[in-house]
Amino acid sequence: MLSLHAHDPSVPLAGHLPLGSPVGTPSPVTVDSQSLSRDGRRWIPVMGEFHFSRCPAAEWREELLKIKAGGVDLLATYLFWNQHENDRGTYRFDGDLDVRGFVTLCAELDLAVAVRIGPWSHGECRNGGFPDWLEDVDCAPRTDDPAYLALVAPYYRRIAHELRGLFHEDGGPIVAVQVENELYDQPEHLATLRRMAEEAGIRAPLWTATGWGAADIPADTLLPLYGGYPEAFWEDAHDGWARDMRRHYFFTPIRDDHAIGADLRSSAPTGTGPDARRYPYATCELGGGMAIAYHRRPLVPAADITSLALTKLGSGSVWQGYYLYHGCSQRVDLKEPNQESHDTGYPNDLPTVTYDFQAPLGEYGQVRPAFHALRRQHLFLHAYGAELARMPLHLPDREPASLDDGPHCAGPFARRVTRASCSSTTTSRTRRCPTTTACASAPPPQRPYGRRAGTARAHPVRRPLRLADRAGPRRRSALEWAAPSRSPDSRSTGSR
């Protein structure tokens, strides 16, 4: 269930996280249990996701300038393994796959960078970014199986080689690295991936992992990042708004969201997730819009995007990360289609090319109303973020009673107290929030956990023949790729 760790936020924990810049690093980045700092000043990063490998390299500079003009000061991007090592042992980091050129350009434009290095990434990419050849290897992906780690190690070393000299301690722009994505029950493996990345030469003051879905991440090793979307293309086809997404428009101390990744889980989360008393509230996937699938094509108004961002800020977020901030296109130059689809056993069938996401900046650089509205929030954060970062959550007296009760919400900054009132009693900050009860007891997302491709929908769709229906070896489904709970020893029994 969604959990709440109530605490007195007036005394932050410090020194317990193996994060932060080495001594002597110019403009050091540090983190405690409440906030981040850069160059000695409290910092609320404004992070926008933009996938370099899904945009022509010739357009990177212009699009990065637009992103910066929107008030973004931290650029997040995925590396998809199946794009960089589509053929085993053959690496590609040229042209639109030139991550070094992209990060160098970010440095020139004074944009900090967060790299999400996988090896499993998702991002509506084929096999979550795993190359097709991986299923022919006798190993248990997403575990500490030595056979799997032996494949990840050279990939990480090549990434480190491409990014040499661009890490923050070298004076470069890379301040954050995320390992894996949506891995919720393999904490030891997450810790292993960080260790392997550092041994390969990847360096950053901030190491992160996604924390939603009550993820079990290694304590005091990685910074948990959260998210929330205004809509959900992965739900079953139905009319109207995805009801469970309403929770993101309620001010609440609850950081978690069980809807993200629910379509790739076999069951609902049962844990309590990371202890919020030990980490600042940071996000990496506040919905900058929403993708479309063939069975469900939600339209997301700009006000839904900006209101969600403001609600998270009012709920205590000290790291505003948008996914996506800039739309992009799926690659079509590989041996196989690169998008998530029924053809590889995924529950969702996405377009072959467009990954526009209805983002503030569109697939072709279109500037949308959400861009301008979010920019005002970002300029506010640049001006007053240092003060805001230390202000604890303060709930108003009048609260909505359920997910269906919205008109009584107070203004977003009623959730923040002034610096002068930071000594207010713990009771005012930890008393029952409507979503503490309403969200925890509300019906689960309408999309059931683990629904596989081919399940009957409310409306018929055209679906390509799955590889499982064809002659020859069965292709591993998305649920199998995303099921990390298998023991590494399972490979010896012939199960993969």
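Summary of the geometry: the stretch 13-84 and the stretch 196-261, compared by the centres of their Cα atoms, lie 17 Å apart. For ARG390 and ASP275, a Förster radius of 25 Å and the Cβ-Cβ distance give a FRET efficiency of 0.80, rounded to the nearest 0.05.
Rolling a 1.4 Å probe over the protein heavy atoms of the stretch 77-203, with every protein chain left in place, gives an accessible area that is 44 percent carbon and sulfur. Amide H contacts for THR210 (H built 1.01 Å from N in the peptide plane; partners 5 or more residues away or on another chain; cut-off under 5 Å): GLU182, LEU183, LEU225. Our Cα-only numbers for the stretch 143-240 put the radius of gyration and Dmax at 16.1, 52 Å. Model label sites at ALA303 and ARG157, defined 7 Å from Cα along the beta-carbon direction, differ in position by 5.6 nm.
Placing dummy labels 7 Å off each Cα toward the beta-carbon, the span from LEU379 to ARG164 is 4.3 nm. Measuring only protein heavy atoms, the 1.4 Å probe finds VAL367 accessible over about 80 Å².
Amide hydrogen proximity for ALA76: with H placed 1.01 Å from N in the peptide plane, the residues at 5 or more positions away or on another chain lying under 5 Å are GLY48, GLU49, PHE50, ALA114. Under 13 Å of direct C-alpha separation, and excluding same-chain neighbours fewer than eight residues apart, LYS335 reaches these aspartates and glutamates: GLU85, ASP87, ASP132.
Oblate is the label for the stretch 254-307, because the ratio a/c of its alpha-carbon gyration tensor axes (a ≥ b ≥ c) is 1.5 or higher and a/b is not greater than b/c.
Remark: the Cα gyration tensor places the stretch 1-114 in the prolate category, a/c being 1.5 or greater and a/b exceeding b/c. With a Förster radius of 25 Å applied to the C-beta separation of ALA150 and THR90, the computed FRET efficiency comes to 0.90. Residues whose amide H lies under 5 Å from that of CYS125, counting only those 5 or more places away or on a different chain, are GLU340; hydrogens are built 1.01 Å from N in the peptide plane. For the stretch 105-172, the solvent-accessible area of protein heavy atoms averages 27 Å² per residue (probe radius 1.4 Å; ligands and nucleic acids excluded). Overall, the anisotropy analysis places the stretch 204-298 in the prolate class: the square-rooted eigenvalues a ≥ b ≥ c of its C-alpha gyration tensor yield a/c not less than 1.5, with a/b exceeding b/c.
The stretch 279-301 and the stretch 127-159 have Cα centres lying 28 Å from one another.
The values are calculated or read from the model by the stated rules, or taken from the named source; none is laboratory data. Predicted, not measured: the structure shown is a model, and the values here were computed from it. Glycine also receives a Cβ, built like all others from the backbone with ideal geometry; neighbour counts cover every protein chain displayed. Remember, those area values only see protein heavy atoms, side chains included, never the ligands or the DNA or RNA. Shrake-Rupley method; radii C 1.70, N 1.55, O 1.52, S 1.80 Å.
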